[in-house]
Amino acid sequence: MITKPTPLKQLPPDLDRERLPKHVAVIMDGNGRWAQRRGMPRIMGHRRGVDALKDLLRCCKDWGIDALTVYAFSSENWGRPLEEVNFLMTLFERMLRQELKEMMEENVQIHFVGNLEALPQSLQEEIERSTAATKDNKQIKFTIATNYGGRQEIVQACRAIAEQVRDGRLDPEAIDEAVFERHLYTSHLGDPDLLIRTSGEMRISNFLLWQVAYSEFYITDTLWPDFDRQAFHRALQVYQQRHRRFGKL
């Protein structure tokens, strides 16, 4: 899965294993800028970004983090140039096809969340194949948000709950946060403990709007293709310096 040597295979000694985030979410931003700064086409940044993602997944597994969720393609990204969108769809499909064997060997459980019906049929088939093949794997949950939008997710959850109420299958008085969360794309996961955004942008960009209510945010100027294990190490150091109060003292 990893195409280049990476340091820090063991958990760094200055990190407390008992205080690691169980679930890390990442907004992978900066692929295009990384390529443009080097005089390359934007698609080269996406290719390098895949290497960074594969290394982070392996790092999370090596260091004992239970779940990694990444923002791969938003529902707004369809507005990008057609050539770039088509390249990304092909890149997702190729990655799934080429990496499935190693995902199985690494005991990775793969999930995709978002409006998957709008994706190319061949990509949908690869998603179904990889999801089914890895469903019993236990080492780490790897969730890829593709054609995903946080507002879209909340709206579809409301529709599903409204249909149950209309059909008499759900009492409106029984609707609480737990019921609502069961209708989200991420019902298989707990909320992220840590949300990382690369490239220095200070916004959520419609990602996991419900789920990050009490996540710790870590913003770095590092562009996504350069986000390596040392950069992740720094993010975890900052995370472990914080006191999570969840609204309490």
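The values are calculated or read from the model by the stated rules, or taken from the named source; none is laboratory data. Only a predicted model underlies this, so the values are computations on that prediction, with no experimental measurement involved. Cβ atoms come from the backbone with ideal geometry, glycine included; neighbour counts cover every protein chain shown. To get the accessible areas, we keep the full protein, side chains included, count just its heavy atoms, and leave off ligands, DNA and RNA. Shrake-Rupley method; radii C 1.70, N 1.55, O 1.52, S 1.80 Å.
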For segment 199-249, what's the radius of gyration and Dmax over Cα atoms, in angstrom? 12.7, 38
Here FRET efficiency (C-beta to C-beta, residue 234 to residue 201, R₀ 25 Å, nearest 0.05) is 0.90
With every protein chain in place, the chain: carbon and sulfur % of accessible area (1.4 Å): 49
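Where does each of 79-90, 194-205, 113-124 land if you order them by average Cβ count within 10 Å, highest first?
194-205, 113-124, 79-90
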Share of Cα-Cα pairs in segment 77-143 beyond 18 Å, whole percent, is 38
Highest mean first, how do 32-44, 55-67 rank when packing is the count of other Cβ atoms within 10 Å averaged over residues? 55-67, 32-44
Mind checking Rg over Rh on segment 117-201, alpha carbons, Kirkwood formula for Rh? 1.03
Expected vector for segment 45-61, Karplus 3J(HN,Hα) from phi with 6.51, -1.76, 1.60 and θ = phi - 60°, integer Hz, x for Gly and Pro, equals x, 5, 4, 5, x, 5, 4, 4, 5, 4, 5, 5, 4, 4, 4, 4, 5
Over the chain, the sum of -39500 (n - 2.57) across DSSP H runs of at least four, divided by residue number and rounded to 500 deg cm²/dmol, gives at 222 nm -13000 deg cm²/dmol
Stokes-Einstein translational diffusion, the chain - Kirkwood Rh over all Cα pairs, 1.306 mPa s, 10 °C, in µm²/s: 83
Can you give me the accessible area per residue for segment 161-210, using a 1.4 Å probe, in Å²? 56
Proximal charge balance of residue 27 [Cβ under 10 Å; K/R count +1, D/E count -1]: 0
So what's the gap between the Cα centers of segment 119-145 and segment 187-226, to the nearest angstrom? 22
In whole Å and largest first, what semi-axes does the C-alpha gyration tensor of segment 1-138 yield when each eigenvalue is scaled by 5 and square-rooted? 26, 20, 14
Would you mind working out the accessible area per residue for segment 1-136, using a 1.4 Å probe, and quoting it in Å²? 50
If R0 is 41 Å, what FRET efficiency do you get for residue 156 and residue 38 from their C-beta distance, rounded to 0.05? 0.55
